Structures are given as structure tokens and as C-alpha cells.
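Accompanying notes for the structure given below.
What follows draws every value from the coordinates through simple rules; no lab data is involved. Keep in mind that what you see is a predicted model, and the values were worked out from it rather than measured. A quick note on method: Cβ atoms are made from the backbone with ideal geometry, for glycine too, and the neighbour counts reach across all protein chains shown.
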Amino acid sequence: MFIDLFVFLAFQMVKMNFREQLLAELSKQNTVYIASVIGTDQKLFKEMFDLILTNEEYVSGRAAWVIEHVWLDHPKMIEPYINEMIDFLTKSKYDNQKRHITKILSTRDLQELDEDHLGILIDRCFTYLEDPIYPTAVKMFSMQIIYNYIEIEPALASELIAIIENQYADSTPGFKNRGSKLLKKLYKLID
């Protein structure tokens, strides 16, 4: 009985202080801890997801990292939020938000998306991929999302090939690694 009460009180304290806990420490350990508190609790998940939508520096990107960790352990938790994530990409201010959200979306079955959200997502990914201001991780996940779409709609294969080849020589090792893997697959699609 005492242990149950202790767990309940500890849980309530953490629940009320997600924002403070995110600001307390930027570390994987803190991120994993918060994700473990959320677990499969949809109410807590929504509370954390709402912190992403604040677009507040430090808080929003760290909340996205927590959501990514929850998603890694409990992939179904993200299902109700996919469209909101896509809509948020057009408003997101910080690269860490974009990185965590595109990472999650890079694993999605795009055929499950409605036409409007699919269009928004692909447009955003082309923007991230083509604009040199975005970091490599955002570009790599965007590249993967576009490739996933090309598997459904091969007409864009030549365009993705051109973008990857155009940036390849001056890109980071991570971009080259993902780019070369996707180029091999893309060349087969247009042959």
C-alpha cells in the first residue's frame, strides 16, 4: 500500500513538471527517463506532444526527442498524432524538432496518409533537402521520406536523383552514405 502511494505521488510530481524536467537537463538519460514515465499513458503522451507544439526554444525540441523515445518503445502511441506532426513541420522553428519528427515520419507507410497531408509532407521534405540551411540529419530523413513516396509514385525519381547528385560532392559523410544507398535503388527505378 505504501509503495503504491509513493509511486502515485512520484508519478504526479513528474507529470506536473514535464516542462521543468525538460529544462533541467539536456541529456539522453533525462530524455529516456521522461519517456519511461510516459510509457503507454496516452494522457501523458498528449501532454508531452503539446509541449512540442508550443514551439518554445529548448522545450519544444527536447519534447520532440522524448516523443521519439516513446515512439521507439511504443510505436502505436504516435498514431493519433501523425497529421498534427505533419502540419507542425510547416511551423516548426528549430532543427531539433524537424530532425525528430522527420525521423519518425521516415518510417511511416505513406499510403496511410490522406492526400493533403502527404502533399504537405513531401513539399516540406523537398524544401529541407534542397535548402543548404538545414542540417544533415533533417536532409537524410527527408530524403528517405521522399524515396518512400517514390516507391508509391515513381514519377519523382529523376528529381530526387538530381537533388542528391547535385549536393553529393560537397555533402557530409552521413548525407553521402544515405544518398549513395538511395541512388542505387533510384537508378533501378528509372532504368
Estimated inter-spin distance, THR90 and LYS188, nm [label 7 Å along Cα→Cβ]: 3.5 nm
What angle, in degrees between 0 and 90 and rounded to the nearest 10, separates the Cα long axis of helix 28-38 from the longest principal axis of the Cα atoms of the chain? 70 degrees
Estimated inter-spin distance, GLU25 and ASN177, nm [label 7 Å along Cα→Cβ]: 2.8 nm
Can you tell me the order of 151-161, 59-69 when each peptide is scored by its average per-residue count of other Cβ atoms within 10 angstrom, highest first? 59-69, 151-161
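At a 10 Å Cβ-Cβ cut-off, how would you order MET77, MET140, fewest neighbours first?
On the way: MET77 20, MET140 24.
Ranked by crowding around the Cβ, least crowded first: MET77, MET140.
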Angle check, please: helix 42-53 long axis (alpha carbons) against the longest principal axis of the chain (alpha carbons), in degrees 0 to 90, nearest 10. 60 degrees
Using a cut-off of 29 Å between alpha-carbon atoms, which lysines can reach LYS188, once sequence neighbours fewer than 8 places away in the same chain are excluded? LYS103, LYS139, LYS176
If you line up the long axis of helix 157-168 against the longest principal axis of the chain, both from Cα atoms, how many degrees apart are they, to the nearest 10? 80 degrees
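Sort ARG19, ARG99 by Cβ crowding within 10 Å, fewest neighbours at the top.
Details: ARG19 17, ARG99 24.
Fewest-to-most ranking of ARG19, ARG99: ARG19, ARG99.
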So if I take the centroid of the Cα atoms in region 73-112 and the same for region 12-65, what is the distance between those two points in Å? 16 Å
If each residue's Cβ is checked for other Cβ atoms within 10 Å, how do ARG178, ARG108 rank with the fewest at the top? ARG108, ARG178
